[in-house]
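Read through the structure below, which is laid out as structure tokens, and then see the notes.
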Amino acid sequence: MARQAWKPGALRWDIAEAHPGAAELARQAGISPLTAGILMNRGLADVEAVKNFLQPKMTDLIDPLELPGTEVAAKRIVQAVADGEKIVIYGDYDVDGMTSTAILHACIKMIGGQAEFYVPHRLDEGYGVNAEAVKTIIADGAKLIITVDCGISAGNVLAEVAQDVDVIITDHHTPPDTLPDVMAIVHPALPGHPHGEKNPNLCGAGVAFKLAWQVAREASGADRVTEELKTFLLNATCLAALGTIADIVPLIGENRIIATFGLRGLRTTSHIGMRALLDSANVNAAVDSYHVGFVLAPRLNASGRMGHAAQAVEMLTGEDPARATEIAKYLAEQNTQRQQVEREISEQAREMVLAGQLDADENFALVLANENWHGGVIGIVASRMVDQFGRPAVIIAIDDDGLGQGSARSIPGFHMAEALKACDEYLISHGGHAMAGGLRIHKENIDAFIQTFSQYAKDNIRPSQLTPTLHIDAATTIGALDYNAVRQLESLGPFGSQNPQPIVAIQNCRVLTPPRRIGKTGTSVSMVLQQNGRSLRAFAFGMGDLADRMAGVTECDIAGQPNLNTFNGQTNVEIKLTDVRWE
């Protein structure tokens, strides 16, 4: 995919004001004033809050019993195991659904039961609970079905089978006005429930982890689980972290705790499937949110996008190392194929936007449809369009039968699930949450959907939301970015939604060494800046144009992410550029 060239002055800088209490908080918490100011601007205004953030503890997780439905669901699962009933976990085909399935599958096995899993085909069945699949599962003898990362919008489907099987829904997507009539709904944000005030943003894997925790308690006959089950739960945080980071839920509060401990566990995990995945991706050092989001998750998702996600779930639930290694290798090949298809479709979508001037000021959203697009990668393409054009995007792939499958991605402040709900009359089905959604639609309704969705976006998005803005956490100096200060900034991770890696601005830098192109393609750049006698290497990916545009420039302002780079045993402070401006 051809990336948009970086351009000076394209972004409006929004630099957070220095917080007057930062120096005192820094003194009390034993951190740098820079770190204290950033944390205060992110809502952590006292020593206790800062320490809890910097030193997350598993004991600070919300008790599973506070999550709606867990007690009833856990008792039913334990009873099903005791009675030898057939249990089927109905999963989803993305990373969150896969890891949710793997957590509950392992949990049921740990307490002496056996569970089968069913994962729908992304293209043939689409998102959510498929009526024919459920009927087949029941006909094959299932007495308990547990949905993971789906099911909250499947009331009509599940109502048909209510007399034949018990259903437990575990989900985190936006609930409908009328909830399904099932045995239990385990969901972090049910209307009117107090859990929604504490953490409404658990992902599917987080919900599955909490349910597994309560199942372990129920099976142990006490709040304190057996040592064997305690070890299992600690290991399960690895899967929960993978789902949490991949599903882009806010990495604050409870989600941050899960992600932090799960990432630590991934470094030494003995989980057969995860070990195979890590080895195939050559991720054997410290695993962070970058590795999950851009290395591991794409490989897992590739199976559902290009083939069938059941193979990835088999890897995450199986016990044969050789088979896990075989699947991990296959996932890598599928991911390579996915990348090629994605690049082609993204370029076509970009050309459609530019040719139709769909990025004009009067257009507040993008809806693109094509009969030649692969439905497995349209979610990624939608994300690319949001990144490039700063607007909510819906990408629809139309099959030979005239059925459209769409993936939607949003911008902050525009609730995608509510937007799709407003277009319900034109859709076969839809679901999602604030930042992403999915839909199915008949080809003949696409034009009406485009008109309605676009008008809804125009009515609910302020023009300022579409202005490219670079949110900068603090203004600082080169001198303030010493080893300890940058190490503290890195400790604010894992980074993700609502806890991004800090971006700082350094103004009035002298260009000590002009920018030069680096890398095989010459699209990356490196230069050395100086301020008050202190120098700093700055680098950037995709900003090779700086080497030409900054010819003769002697002073500039920069914005970027400070980091520590270790090479040949020596660690230096560097900054990864986000933007550069000059007179």
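The values are calculated or read from the model by the stated rules, or taken from the named source; none is laboratory data. What you are looking at is a predicted structure, and each value in this text was computed from that prediction instead of being measured. We place every Cβ from the backbone using ideal geometry, glycine too, and count neighbours over all the protein chains shown. Protein only, heavy atoms only, side chains kept; ligands, DNA and RNA dropped before computing areas. Shrake-Rupley method; radii C 1.70, N 1.55, O 1.52, S 1.80 Å.
The table for this structure:
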{"read-out": "Computed E for R27/D359 - FRET, C-beta separation, R0 35 angstrom, nearest 0.05", "value": "0.15"}
{"read-out": "Label-point separation in nm, N532 to A10, each point 7 Å along Cα→Cβ", "value": "3.3 nm"}
{"read-out": "Length-normalised contact order of the chain in % [C-alpha pairs under 8 Å, at least 6 apart]", "value": "13 percent"}
{"read-out": "Ranking by accessible area, most exposed first, for R323, R264, R440, R338 with a 1.4 Å probe", "value": "R264, R323, R440, R338"}
{"read-out": "Point-charge dipole on Cβ atoms (K/R +1, D/E -1) for segment 1-123, about Cα centre, debye to 20", "value": "500 debye"}
{"read-out": "DSSP beta bridge pairing in the chain, given as percent antiparallel to the nearest 5", "value": "60 percent"}
{"read-out": "Among the listed pairs K86/K135; K109/K329; K51/K576; K421/K458; K135/K210, those beyond 18 Å (Cα-Cα)", "value": "K109/K329; K51/K576; K135/K210"}
{"read-out": "Cβ crowding within 10 Å averaged over residues, with 420-430, 347-357 ranked highest first", "value": "420-430, 347-357"}
{"read-out": "Local electrostatic count at Y456 - Lys and Arg +1, Asp and Glu -1, tallied over other residues with Cβ under 11 Å", "value": "0"}
{"read-out": "Rounded tilt (10° steps) of 204-220 against the dominant C-alpha axis of the chain", "value": "50 degrees"}
{"read-out": "M550, M110, ranked by accessible area, largest first (probe 1.4 Å)", "value": "M110, M550"}
{"read-out": "R534 accessible area, assembled protein chains, probe 1.4 Å, Å²", "value": "110 Å²"}
{"read-out": "Peptides 485-496, 386-397 ordered by average Cβ neighbours within 10 Å, highest first", "value": "386-397, 485-496"}
{"read-out": "Cα-Cα P(r), the chain, percent of pairs per 20 Å interval", "value": "19, 52, 26, 2"}
{"read-out": "Extension gain, T469 back to E66 (0.36 nm per residue minus Cα-Cα distance, nm)", "value": "141.2 nm"}
{"read-out": "Carbon and sulfur %, accessible surface of the chain computed with the full protein complex present, 1.4 Å", "value": "47 percent"}
{"read-out": "Theoretical gain in end-to-end length, R487 to E418 [0.36 nm per residue, Cα-Cα removed]", "value": "20.8 nm"}
{"read-out": "Percentage of interatomic Cα-Cα distances in segment 415-459 larger than 12 Å", "value": "55 percent"}
{"read-out": "Sites L564 and L234 - FRET efficiency at Förster radius 30 Å, r taken between beta-carbons, to 0.05", "value": "0.55"}
{"read-out": "Inter-part distance where segment 429-446 and segment 312-345 are each reduced to a Cα centre, Å", "value": "27 Å"}
{"read-out": "Crossing angle, helix 446-460 versus the chain [Cα axis fit, 0-90 degrees, rounded to tens]", "value": "60 degrees"}
{"read-out": "In nm, spacing of pseudo-spin labels at A18 and A131 (7 Å Cα→C-beta vector)", "value": "6.5 nm"}
{"read-out": "Over segment 449-526, relative contact order from alpha-carbon pairs under 8 Å, at least 6 apart, %", "value": "27 percent"}
{"read-out": "Angle between the chain longest axis and helix 321-355 axis [Cα atoms, degrees, rounded to 10]", "value": "60 degrees"}
{"read-out": "Per-pair calculated FRET efficiency, R0 = 22 Å: F541 and N572 via Cβ, rounded to 0.05", "value": "0.75"}
{"read-out": "Length-normalised contact order for segment 386-532 - Cα pairs under 8 Å, 6+ apart - percent", "value": "16 percent"}
{"read-out": "Contour minus Cα-Cα distance for N52 and T226 (0.36 nm per residue)", "value": "59.9 nm"}
{"read-out": "Listed peptides 95-108, 171-184, 457-470 by packing density, highest first (mean Cβ within 10 Å)", "value": "95-108, 171-184, 457-470"}
